[in-house]
Amino acid sequence: LNPTMAALVFCGTIYALQQRLSAPRGIARDLLAALRQGQLSLAYQPQTDRDGRVLGAEALLRWNHPTRGPIPPSSFIPAAEEMGLMPIVGGFVLEEALTTLVRWKEDPRLSALTLSVNVSASQFNEGDFETTLRQLLERHPIDPTRLRLELTESVLIAGLEPVANKMTALKRLGLTFSLDDFGTGFSSLAYLRRLPVSELKIDRSFVVAAAEHDRDAAILRSIRAIATDLGVETVAEGVETPAQLAFLETTGCRIFQGYLFGRPMPLADFELSVIAPQPRAMPAAPELRPAP
Ligand code: C2E
Ligand code: MG
Ligand code: MG
Ligand code: MG
């Protein structure tokens, strides 16, 4: 390698690195501006029983960009994570969620609902996450058992012991925990026994496949068996069809979240759907459909 070539390779590498870094950095800069300008909001997706009675909601972050339109969390959350912004973004989410719970407390038709909030691994594992929550709960007087923190198994990157300790401390404040996307990570019974979770969220991929493939049906049944063994609830994610619902019911699953029961929606729409529920538009059986 002569010096000129070496210099070229070097410049090329730097250029590639800058390219790689600038994409998330661009998004991150825009995201901070979006936060200041009120472009971020929460959407609420119902969690229901088999008959569609709403038990609670999952709060999902939405970014509505004035020119680019809605930007999906799958594209900006990883960038925010990479740039170390999740504590800030997640702080906004918690602030909004607690404001909503204070609002619901005043209305007997809404006060029993739970609100699930996604907490990223970096946000949870940050040193003062516990203090942050303590302070939030002081400023927003709510029944803490209504707030459910959804964690994925990726939090365990910080080690089982510290994570279990932090969860236990937060549980003492009254908060409850849900393990999100369950079945896609390193779900081991040994880990699970140590974590004070009250709920497992069965990942959508199993829900979609289980009604059709024996192998996925078997996984789903064993997740249900683990949940029963641990004495925790299960929520099935991404339920889209009556067939999926029917199969899930055979496994003993009783809480559902998915397009079959409702899409993520603005707060006002969600509240209305609880206060004045419309009969669920179940797809009619083929023989009942009017002739075209
Ligand atoms: P998640 O926590 O597993 O959320 C469930 C995702 O499934 C949501 O996607 C929801 O809109 C979608 N979903 C619900 N029902 C159905 C269905 O029947 N069919 C299909 N195809 N999809 C369904 P969304 O809102 O795009 O969020 C994607 C992911 O982004 C979330 O997955 C979560 O990991 C992350 N996320 C969203 N909001 C936040 C947040 O406030 N903080 C953090 N840390 N992560 C968030
Ligand atoms: Mg979630
Ligand atoms: Mg999930
Ligand atoms: Mg998921």
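Where a number appears in this text, it was derived from the coordinates with a stated rule and is not lab data. Nothing here was measured: the structure is a model prediction, and the numbers come from that model. Because the Cβ atoms are built from the backbone with ideal geometry, glycine has one as well, and the counts that use them run over all protein chains shown.
Things to note:
- FRET efficiency, 1/(1 + (r/R0)^6) with R0 25 Å, evaluated for Gln135 and Arg193 via beta carbons: 0.20
- Relative to the current alpha-carbon distance between Asn2 and Ala276, full extension at 0.36 nm per residue lengthens the span by 91.1 nm.
- Trypsin sites (Lys or Arg not before Pro), loop per DSSP, at most 15 other Cβ atoms within 10 Å - longest free stretch of the chain: 110-253
- Net charge contributed by nearby residues that have their C-beta within less than 12 Å of Ala158 (K/R +1, D/E -1): -2
- Taking the number of Cβ atoms within 10 Å of each Cβ as an exposure proxy, the fewest-first ranking of Thr132, Thr145 is Thr145, Thr132.
- Around Met167: net Lys/Arg minus Asp/Glu count, Cβ-Cβ under 15 Å: 0
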